[in-house]
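Note sheet for the following structure.
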Amino acid sequence: MIHLSAPHAPLLGVNIDHVATLRNARGGAYPDPVAAAVLAVEAGADIVTFHLREDRRHIKDDDVQRLKAALHVPLNFEAAVTDEMLTIIERVRPEHVCLVPERRLEITTEGGLDVAGQLGRIRAACQRLQAAGCRVSLFIGADPAQIEASADCGAPCVELHTGAFANAWGARNIQDMHTELTRLKQGLKHARSLGLRTHAGHGLALWSEAASQPFASSTAQIAALPDVAELHIGHALIGHAVFVGLRQAVADFQAEAVRARRPA
Ligand code: PXP
């Protein structure tokens, strides 16, 4: 196994939600997101990230308990700001919590949290979670008002939503990509100037369906920003695992079939 040691790289939080998506498609126990998390840590993940959604569409309550028991790296529990979630978090006591907006009908977390518009509610949630010993991060857009409101809430960290940048990268829209990257850089700088630790994530990938990219991957472009202390990556990383693992999977099933026909 190749594990590149890169002391100045951002920490990598691997989001295992979509292993659970695959499991839930058949309603059984396989593939197990907890086993995937253990493998991710063996491979070098610094943090394991998951999002317990209100509708439990991927990670389920039992997964959270098992993740807590199985892992010795920090767990980053993504959750909506609801009393139900805050109560679960107080019971589980993950090392890290990232508060995110949640809409039932969205496919994924579409935008950042409106911290400025619900300052009192988010501040109270931060206090509750910090009293439970969790390090709190707020998932926001790179918008000065949201960054300032996050600092006002007493959260020590913000995670800037990279979705718009990642979409521009996927569409090879160089102008939008530069605009979004500039906005992210300014947001990171602003947040750092207010004493916040800064993370980034959403939609980051290694390749796109468009043929060869004339520029670095969305992951590389964000990882290169010195103010990014942590990256949180899920969908494209699990998707990539299909491609880097499919050859071996076909070989393993073929060998099993061949063995089954061998005379005893
Ligand atoms: N960061 C946060 C706060 C998220 O909510 C998500 C999606 O659950 C991610 C990062 C990872 O996004 P993706 O799955 O697109 O890599």
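Any read-out appearing in this document is the output of simple, stated calculations on the displayed coordinates, not a laboratory observation. Because the structure is predicted, anything quoted here is derived from the model rather than measured. In this analysis, Cβ positions are derived from the backbone assuming ideal geometry, glycine residues included, and neighbour counts consider all displayed protein chains.
Could you tell me how many cubic angstrom of Cα convex hull volume region 1-133 has per residue?
Working: hull volume 17.5 nm³, N = 133.
Cα convex hull per residue, to the nearest whole number: 132 Å³.
If a spin label sat at a point 7 angstrom from the Cα of Tyr30 along the line to its beta carbon, no backbone N atom of region 233-252 would be nearer than 12 Å. Once you list every other residue whose beta carbon is under 13 Å from the beta carbon of Asp227, what net charge do they have if Lys and Arg are +1 and Asp and Glu are -1? Summing Lys and Arg as +1 and Asp and Glu as -1 gives +2.
Helical runs assigned H by DSSP (4 residues or longer) give the chain a calculated mean residue ellipticity at 222 nm of -14500 deg cm²/dmol, each run adding -39500 (n - 2.57) before division by the residue total.
Would you list, by chain and number, the lysines whose Cα falls below 21 Å from the Cα of Lys60, excluding same-chain residues fewer than 8 positions away? In chain and number order, the partners are Lys68.
Would you tally the net charge around His202, using a Cβ to Cβ cut-off of less than 10 Å, leaving His202 out, and scoring K and R as +1, D and E as -1?
Details: positive: none; negative: Glu110, Glu159.
For residues surrounding His202, the net value is -2.
When the Kirkwood hydrodynamic radius is evaluated over all pairs of different C-alpha atoms of the chain, what value in angstrom, to one decimal, is obtained?
Details: mean 1/r = 0.0515 Å⁻¹.
Result for the chain stands at 19.4 Å.
Across q = 0.16, 0.21, 0.25 Å⁻¹, region 64-142 modelled as identical point scatterers on its alpha-carbon atoms has Debye log10 I(q)/I(0) values of -0.59, -0.97, -1.25, in the order of the q list. The string of couplings for region 77-88 from the Karplus curve (6.51, -1.76, 1.60, θ = phi - 60°) is 8, 8, 7, 6, 8, 10, 5, 4, 5, 4, 5, 5 Hz, one whole number per residue in order, with x for Gly and Pro. The GluC sites (Glu not before Pro) found in region 183-264 that occupy coil by DSSP, while having at most 14 further C-beta atoms within 10 Å, are Glu209. Shown here is the pair-distance distribution of region 81-223: with all Cα-Cα distances grouped in 10 Å bins from zero up to the longest one, the shares run 12, 39, 32, 14, 3 percent. Taking amide hydrogens as placed 1.01 Å from N in the peptide plane, the amide H of His161 sits under 5 Å from those of Ile140, Gly141, Ala142, each at least 5 positions away in sequence or on another chain.
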